[in-house]
1. Could you please report the charge total around Gln268, scoring K, R as +1 and D, E as -1 over all other residues with beta-carbon less than 12 angstrom from its beta-carbon?
2. ³J(HN,Hα) across the stretch 114-123 via Karplus (A = 6.51, B = -1.76, C = 1.60, θ = phi - 60°), whole Hz, x for Gly/Pro?
3. For the stretch 48-193, what % of the accessible area comes from carbon and sulfur atoms, probe 1.4 Å?
4. For the stretch 287-348, what % of the accessible area comes from carbon and sulfur atoms, probe 1.4 Å?
5. With each label point set 7 Å from Cα along the Cα-Cβ vector, what nm distance links Leu28 and Ala143?
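The values are calculated or read from the model by the stated rules, or taken from the named source; none is laboratory data. Since we're looking at a predicted model, the values are computed, not measured. Virtual Cβ from ideal backbone geometry, glycine too; neighbours counted across all protein chains shown. These accessible areas exclude ligands, DNA and RNA; they are computed on the full protein's heavy atoms, side chains included. Shrake-Rupley method; radii C 1.70, N 1.55, O 1.52, S 1.80 Å.
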Amino acid sequence: MHTVFQSETAGSSENQRLMELETTKQDLEYRLQEMTKTVEKQQEMLAMAKRDPLTGLRNRQGFPELVNASLRARCEGIFFIMDLDNFKSINDTYGHMEGDRVLVRFAKALKAVMDLADIIARLGGDEFVVFSPECYDKYEVKAKAQRFIRQIERSIVTPDRPMQVTISMGIAAAPHDGVTYEALYRNADKALYSVKNEGKDGYRFYADLDDKQISNVVYTRPHSSIEEITGKLRERKMEGSLEVEYDHFEKIYRFLSRNLVRSSRDVQCILFTLETDTDADEMTIQRQLEHLQHAIVSSLRKSDVTARYGPSQILVLLMDVNTENAGMVVKRILQKYHMEAGRGMMNPLYDIRQLATD
């Protein structure tokens with residue numbers, strides 16, 4: 001009797017253990033399904049965050065990384081930036097709903113004439129960009145620019161809403177005008193505003209601007225309320241460090257010297273210098289400096305500041321970083337530069353100084 005009783009107990013315990021394992025298995029499967037749903041939802045939200053909700057095009061967050069990836073692969077392409085002349089008057093005359101419909105037609109017109117490899121985006125407002133990762137001669141680029149403009153103007157004008165529509169466009173070409181999204185955008189934008197300053201309604205190549213035209217570019221903006229201005233500023237998602245011209249860098253430096261440093265906050269000033277070969281031509285130096293600048297900007301935080309100083313130097317301000325950690329940041333930047341610069345890489349030198357009060 002004692003042996004039989006033990007056998008039944010053992011069998012009952014084994015069945016209970018199997019039931020517990022089955023319950024644990026079902027619980028794990030359920031958790032895995034929920035985790036999968038969460039990951040898929042997060043991926044969907046990330047994809048949506050890189051799309052403009054009005055037009056369905058890529059936005060400022062999703063576009064630069066695609067352009068930079070293409071440039072790293074082939075280091076050539078054409079960058080078009082364009083907007084509607086006097087778009088504000090459309091909103092004022094016909095209302096913002098009509099303004100939104102105009103932007104949607106703008107986007108559809110671009111998609112209708114883009115080539116298969118082209119990447120297009122709406123960066124905000126009526127500012128649209130196209131990157132063509134192909135090698136064209138200047139006549140082909142002109143034909144493409146004219147095709148874009150004609151299609152957009154035809155698509156926006158409708159019989160029930162007669163309105164005068166013209167497009168202004170700036171064009172930059174890689175590698176001559178830059179080898180990163182940031183450089184191409186900056187130079188195409190200068191070409192765009194040279195068109196704006198000379199009457200609008202047309203296109204211009206950055207390569208065709210002379211030094212005087214570049215320095216005389218005036219970025220005219222309409223009168224706006226503080227709500228409109230801050231809303232537009234918030235649209236521009238800033239990745240990496242803040243890039244400024246040297247005169248602005250100097251003002252920031254002096255501001256930090258007078259305020260933050262006196263609050264015992266560490267600020268490091270770093271100067272990167274490309275050790276150029278005397279036989280290197282200007283384009284090669286420019287290209288390597290673009291690689292160095294991209295490595296710096298993409299490696300730093302939003303609170304840091306960078307600016308070019310001369311033809312082969314870049315200045316950096318690191319916020320709340322001591323000298324030892326600044327050295328680690330520099331090593332990270334140089335590693336990224338060495339990976340991206342590739343053939344023809346120049347040796348960057350650097351010097352670190354603690355920012356001190358005046």
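1. Numbers: positive: Arg265, Arg353; negative: Asp266, Asp304, Asp320, Glu324, Asp351.
That sum, taken over residues with Cβ under 12 Å, equals -3.
2. 6, 7, 4, 7, 5, 10, 10, 7, 10, 8
3. Numbers: 3260 of 6210 Å².
Of all accessible area on the stretch 48-193, carbon and sulfur atoms account for 52 percent.
4. 53
5. So the two model labels end up 6.3 nm from each other.
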